[in-house]
Amino acid sequence: MERFKNFINGEWVEPLTGKYFQNINPAKNSDVIGEFPFSGQDDVNAAVKAAKEAFKTWKLMPAPKRGDILKTAGDIFNRRKEELASIMTREMGKPVFETKGDVQEAIDTCYYSASETRRLFGKNAPSEMPNKMNLSFRVPIGVVGVITAFNFPVAVPSWKILPALASGNTVIYKPSKDTPHSGVIFAEILEEAGVPKGVFNLILGTGVMGNMLVEHPDIDLIGFTGSTNIGFKLGEICGRTNKKCSLEMGGKNPQIIMEDANLEQAIEGCLWGAFGTTGQRCTATSRLIVHKDVYDTVIEQLAARATKLRVGPGLEDSTEMGPVVHQAQLNTCIDYVKIGLDEGARLICGGNRLTGGIYDDGFFFEPTIFADVTKDMRLFQEEIFGPILSVAKAENLDHAIELANSIEFGLSSSIYTNNINDAFKAVRDIEAGITYINSPTIGAEAHMPFGGVKGTGNGHREGGWTVFDIFTEWKTVYIDYSGGLQRAQIDNYD
Ligand code: UN1
């Protein structure tokens with residue numbers, strides 16, 4: 001069986017712990033992908049030491065030169081797209097057409113970050129004193145720890161790693177324990193692109209190792225994507241150790257369908273939003289809020305389509321929905337079906353683990369829809385991260401928006417309507433970082449701000465130009481060429 005290594009200070013090295021963990025294919029549990037380092041404190045220390053040292057020179061490289069390396073990385077991601085997509089599907093399950101999209105998002109982010117290195121604009125303002133100039137510009141922060149989830153094994157880390165590098169920071173990346181192989185390829189690509197030694201380091205391991213990163217005194221910033229529960233804990237540690245941190249956490253994203261919507265289009269959007277990536281996206285549509293006039297029709301048509309979705313291994317061309325990522329996630333789905341039934345929600349379709357034939361060797365779950373879900377139910381409130389959609393009935397637009405907002409999260413949202421007034425009210429009133437009109441809750445583009453309000457985040461936006469607010473801070477410079485002492489606030493005013 002193949003044994004993989006960490007990438008520290010430009011070298012592929014065995015973990016100092018001497019320990020490894022195995023990762024299996026969620027669509028075929030008998031397929032063991034390999035043995036991956038179970039890294040510990042000494043590995044973290046080695047990576048941090050390398051990244052701290054490398055920061056001294058990387059930050060001095062002209063930003064457009066750093067951009068050239070990122071552009072090359074984009075070219076290599078492109079060249080290895082098919083191969084990488086298969087590796088990702090094998091280790092986390094989503095169909096190859098989705099993992100190819102995931103790689104494309106990383107390619108887009110490479111090119112976008114590369115181009116931004118020529119546009120890391122500063123801002124100048126006139127001085128209040130004569131013969132004096134005021135400037136301000138962005139500077140890198142230092143050593144960045146990146147911790148991400150399994151569901152976008154390449155795209156989501158790329159949102160953090162590439163702009164962090166473009167800005168002049170050095171990086172230590174800990175991928176999810178469920179997608180270490182994708183992490184290895186990520187490192188191979190940056191190595192081949194010419195990222196200097198120590199600038200990018202990969203250490204593999206479990207959540208315990210993630211904690212060691214966050215506790216480490218020489219890490220200056222943590223970029224995290226994952227569950228709300230873990231994000232809040234990491235945020236506490238960052239507060240105590242005075243680290244900057246960007247937290248991208250849970251979602252319980254609503255799609256509203258109004259009575260005048262194009263139902264065919266709305267249902268197709270909902271199927272993609274709810275069951276794409278087997279519901280394992282932080283942007284997944286997990287609540288469908290339907291106007292009462294079309295409620296029964298929508299449920300009937302949606303269930304008819306959902307039950308026909310082809311569930312199977314993501315490596316097969318015909319598959320529309322893959323397995324969930326692991327046994328624990330499968331158990332979560334089973335638990336929430338029971339919770340939904342106990343709460344009195346109406347199970348419309350699905351609800352079971354798929355069994356028989358190939359299904360017995362994987363973590364397959366039926367596309368599941370509950371109707372008559374009310375806002376006090378756990379089904380309505382809690383992130384499940386699986387193929388379980390809750391449908392609620394709304395009296396009118398105001399009620400639909402009130403329901404949409406009745407949760408602790410605020411990442412993505414969507415409304416299907418042909419009424420322009422309703423669309424604009426929804427844009428204004430839905431509490432979410434992202435709102436789609438006549439389009440599902442998933443599908444963010446790399447060059448636009450991405451992030452959520454309320455319990456989803458801590459105010460940062462990845463993607464787009466806003467990501468540079470995470471990975472840089474401002475330096476202000478005053479240049480006095482008057483030839484004498486000028487005292488601001490004093491000499492110009494009585
Ligand atoms: C995530 O689920 O963590 O908008 C990110 C989307 C994708 C990114 C999802 N482009 O659904």
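The values are calculated or read from the model by the stated rules, or taken from the named source; none is laboratory data. If you're wondering where the values come from, they're calculated on a predicted model, not measured in any experiment. Note that we place each Cβ from the backbone using ideal geometry, even for glycine, and neighbour counts take in every protein chain shown. The area values use the complete protein model at the heavy-atom level, side chains included, leaving out ligands, DNA and RNA. Shrake-Rupley method; radii C 1.70, N 1.55, O 1.52, S 1.80 Å.
Calculated from the alpha-carbon coordinates, the range 253-437 shows an Rg and a Dmax of 15.8, 51 Å respectively. In the complete set of protein chains, residue-level accessible area for Thr72 is approximately 50 Å², probe 1.4 angstrom. For the range 345-429, GluC sites (Glu not before Pro) are listed when DSSP marks them as loop and at most 15 other Cβ atoms sit within 10 Å of their Cβ; the list is Glu395, Glu408.
Listed by chain and number, the lysines whose alpha-carbon sits under 18 Å from that of Lys454, ignoring those within fewer than 8 places in the same chain, are Lys233, Lys252, Lys375. Backbone amide hydrogens, once placed in the peptide plane, bring Ser439 within less than 5 Å of Ile415, excluding anything fewer than 5 places away on its chain. Summarising the amide proton neighbourhood of Ile24: residues at separation of 5 or more, or on other chains, whose placed amide H is nearer than 5 Å comprise Ile33. Taking every alpha-carbon pair under 8 Å whose residues sit at least 6 apart, the chain reaches a relative contact order of 18 percent. Which shape class, rounded, prolate or oblate, goes with the range 218-343 when its Cα gyration tensor gives a ≥ b ≥ c as root eigenvalues, a/c under 1.5 marks rounded, and past that a/b bigger than b/c marks prolate? Prolate shape, in that a/c is at least 1.5 and a/b is the bigger ratio.
Averaging 1/r across all pairs of distinct Cα atoms in the range 96-153 and inverting the result yields a Kirkwood radius of 15.4 Å. Oblate is the label for the chain, because a/c, from the alpha-carbon gyration tensor with a ≥ b ≥ c as root eigenvalues, is 1.5 or above and a/b does not exceed b/c.
Volume per residue of the convex hull around the Cα atoms, evaluated for the range 1-94, comes out as 123 Å³.
Remark: the chain carries 41 Å² of accessible area per residue (probe radius 1.4 Å; ligands, DNA and RNA excluded). Its Cα centre serving as origin, the chain has a Cβ charge dipole (Lys and Arg +1, Asp and Glu -1) of approximately 1360 debye.
What a 1.4 Å probe finds exposed on the chain is 51% carbon and sulfur by accessible area, rounded to a whole percent. Over every Cα atom in the range 344-494, the radius of gyration and the widest Cα-Cα span, Dmax, amount to 24.5, 87 Å. Each residue of the range 62-71 was assigned a 3J(HN,Hα) from its phi angle through the Karplus expression (A = 6.51, B = -1.76, C = 1.60, θ = phi - 60°), giving x, 3, x, 5, 4, x, 4, 5, 5, 5 Hz with x at Gly and Pro. Remark: relative contact order (the range 253-437) = 28 percent; criterion is Cα-Cα distance under 8 angstrom and separation of 6 or more residues. Working note: Karplus 6.51/-1.76/1.60 with θ = phi - 60° gives the range 456-468 the couplings 7, x, 10, x, 8, 10, 8, x, x, 5, 5, 5, 6 Hz, where Gly and Pro are set to x.
Put simply, the amide H of Glu431, placed in the peptide plane, has no neighbours under 5 Å, leaving out anything fewer than 5 places away on its chain. Of the trypsin sites (Lys or Arg not before Pro) found in the range 457-491, those in coil by DSSP whose Cβ has at most 16 other Cβ atoms within 10 Å are Arg487.
Positive end of the dipole of the range 353-494 (Cβ unit charges, origin at the Cα centre): among Ile434, Phe370, Gly452, the Cα lying farthest that way belongs to Ile434. Multiplying the residue separation of Gln327 and Asp260 by 0.36 nm and removing their Cα-Cα distance gives an extension gain of 20.0 nm. Ranked by solvent-accessible area (1.4 Å probe, protein heavy atoms only, all chains present), the residues His216, His326 order from largest to smallest as His326, His216. Using R₀ = 25 Å, calculate the FRET efficiency as 1/(1 + (r/R₀)^6) where r is the Cβ-Cβ separation of Asn352 and Ser318; round to 0.05. With a Förster radius of 25 Å, E is 0.75. Convex hull volume of the Cα atoms of the range 164-220, normalised per residue: 78 Å³. Helices in the chain, meaning DSSP H runs of at least 4 residues, each add -39500 (n - 2.57). Divided by all residues, the mean residue ellipticity at 222 nm is -12000 deg cm²/dmol. Farthest towards the positive end of the charge dipole of the chain, among the residues Pro387, Ile76, Gly250, is the Cα of Ile76, using unit charges on the Cβ of Lys, Arg, Asp and Glu. Cross-link reach is defined here as a Cα-Cα straight distance under 27 Å, omitting same-chain residues fewer than 8 places apart; for Lys123 the lysines meeting it are Lys56, Lys59, Lys65, Lys71, Lys132, Lys160, Lys243, Lys244, Lys475. Specify the angular offset, from 0 to 90 degrees and rounded to the nearest 10, of the alpha carbon long axis of helix 180-193 from the longest principal axis of the alpha carbons in the chain. So the helix axis and the longest Cα principal axis differ by about 40 degrees.
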